[in-house]
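A.B. asks: There's a structure below that I have some questions on.
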Amino acid sequence: MNTTREPGNEIEGLSVSVVVYRPDLQQLAQTLNSLAAAYDALKETHPAFRLDVCLVDNGGLPDMTVALDALRAHGATYSVIAGQGNVGYGRGHNLAIERAASRYHLVLNPDIDLDRQALVRAVEFFESHSQVGLLSPRIGDEDGHIQYLCRRYPTLLDLFVRGFLPARVRRFFTRRLARYEMHDVINERDIVWDPPIVSGCFMLFRTSVLKKLAGFDPRYFLYFEDYDLSLRTHEVARVAYLPAVRVLHHGGDAARKGSAHIRMFAASAFKFFNRFGWKWL
């Protein structure tokens with residue numbers, strides 16, 4: 001597939017990359033079904049729009065033919081990239097981004113459910129705001145509450161408090177964490193322009209912008225790759241938080257998954273601060 005198209009000559013459509021490692025199959029199928037339903041809604045207003053889904057298997061993915069064939073039944077195409085081993089989150093997505101020739105590209109976690117109108121509202125916003133290169137949605141949890149996943153630039157103290165302190169201690173830092181998580185501006189109603197950092201669980205790009213940035217920095221194996229990509233995006237395009245685009249996120253608390261994840265978190269944090277600048281308190 002041609003990956004060197006000039007901006008404006010992309011295929012009319014959306015490509016999606018989902019990187020998995022030993023996934024929850026029921027949740028992954030649910031994510032793909034919600035994506036197919038959102039694509040159905042999009043075709044009502046953009047009948048020529050294509051959807052191409054790329055599932056990147058970093059390990060442990062069994063046969064997903066039934067779930068993927070369900071996408072085809074909705075008019076989408078799909079591919080599976082496998083055999084590369086566990087190359088990490090960012091590098092996994094980059095394998096799909098390199099192939100993308102669509103107008104828009106969605107970096108999607110396998111634990112996200114899209115609202116049926118999510119793609120319709122996102123595409124309409126892109127079409128009316130040519131300066132926007134990256135869109136972040138309203139991300140909710142299973143209880144219907146907002147997950148405040150937009151961020152201001154972190155300090156080491158913010159990361160330590162949020163990631164490692166028990167809840168009974170974190171409550172003494174409530175105001176500090178609320179500022180870091182942008183509680184003062186993120187809500188159900190208002191568009192927020194240029195939040196410094198947005199979550200990698202759902203990053204919808206103009207593909208031309210994502211190609212210009214060469215995707216994720218492959219030096220991050222896991223964690224902080226979305227922080228890095230968010231900050232670099234500001235150099236070439238605007239970023240918008242759009243609460244009219246709604247998704248449900250089933251994940252969270254990644255930093256509390258054990259010693260291996262703590263080591264990866266610390267290694268990625270070190271790379272991030274070395275690149276963008278250390279901020280302690």
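The values are calculated or read from the model by the stated rules, or taken from the named source; none is laboratory data. For clarity, every value in this text was computed on a predicted model and none was experimentally measured. Because the Cβ atoms are built from the backbone with ideal geometry, glycine has one as well, and the counts that use them run over all protein chains shown.
A.B. asks: Hey, any hits in the stretch 18-33 for a residue that's within 19 Å of Val107 (Cβ to Cβ), touching a Lys or Arg at 6+ places or on another chain (Cβ under 8 Å), surrounded by fewer than 17 Cβ atoms within 10 Å (Cβ to Cβ) and in contact (Cβ under 8 Å) with a residue 12 or more places away in the chain?
C.D. replies: Within the stretch 18-33, not a single residue is within 19 Å of Val107 (Cβ to Cβ), touching a Lys or Arg at 6+ places or on another chain (Cβ under 8 Å), surrounded by fewer than 17 Cβ atoms within 10 Å (Cβ to Cβ) and in contact (Cβ under 8 Å) with a residue 12 or more places away in the chain.
A.B. asks: Something else now. Can you tell me which residues in the stretch 197-221 are buried (at least 18 other Cβ atoms within 10 Å of the Cβ) and in a loop (DSSP other than H, G, I, E, B)?
C.D. replies: Val198, Ser199, Gly200, Cys201, Leu213, Gly215, Phe216, Asp217, Tyr220 - these are the residues of the stretch 197-221 that are buried (at least 18 other Cβ atoms within 10 Å of the Cβ) and in a loop (DSSP other than H, G, I, E, B).
A.B. asks: Please work out if Leu71 is over 23 Å from Ile139 (Cα atoms), in a loop (DSSP other than H, G, I, E, B) and touching a residue at least 12 places away in the same chain (Cβ under 8 Å).
C.D. replies: Here the answer is no, as Leu71 does not meet what is asked.
A.B. asks: If you don't mind, there's one more thing I want to ask. Give the residue, chosen from Leu210, Leu177, that is touching a residue at least 12 places away in the same chain (Cβ under 8 Å) and under 29 Å from Gly13 (Cα atoms).
C.D. replies: The unique qualifying residue is Leu210.
A.B. asks: Okay, moving on. Would you call Val80 in contact with a Cys (Cβ under 9 Å, 6 or more places away or on another chain) and either of a type outside the set (Val, Ile, Thr) or over 12 Å from Ser15 (Cβ atoms) (or both)? Step through it out loud before you land on a result.
C.D. replies: Working: in contact with a Cys (Cβ under 9 Å, 6 or more places away or on another chain): yes; either of a type outside the set (Val, Ile, Thr) or over 12 Å from Ser15 (Cβ atoms) (or both): yes.
Yes; evaluated as a whole, the condition is true for this residue.
A.B. asks: Filtering the stretch 232-281 down to residues that are hydrophobic (A, V, I, L, M, F, W, C), modelled with pLDDT of 95 or more and surrounded by fewer than 15 Cβ atoms within 10 Å (Cβ to Cβ), which residue is farthest from Leu35 (Cα to Cα)?
C.D. replies: Looking at the filtered set, the residue picked out is Trp278.
A.B. asks: If a residue has to be in a helix (DSSP H, G or I), surrounded by fewer than 17 Cβ atoms within 10 Å (Cβ to Cβ) and modelled with pLDDT under 95 to count, how many in the stretch 111-162 make the cut?
C.D. replies: Residues that pass the stated criteria total 1.
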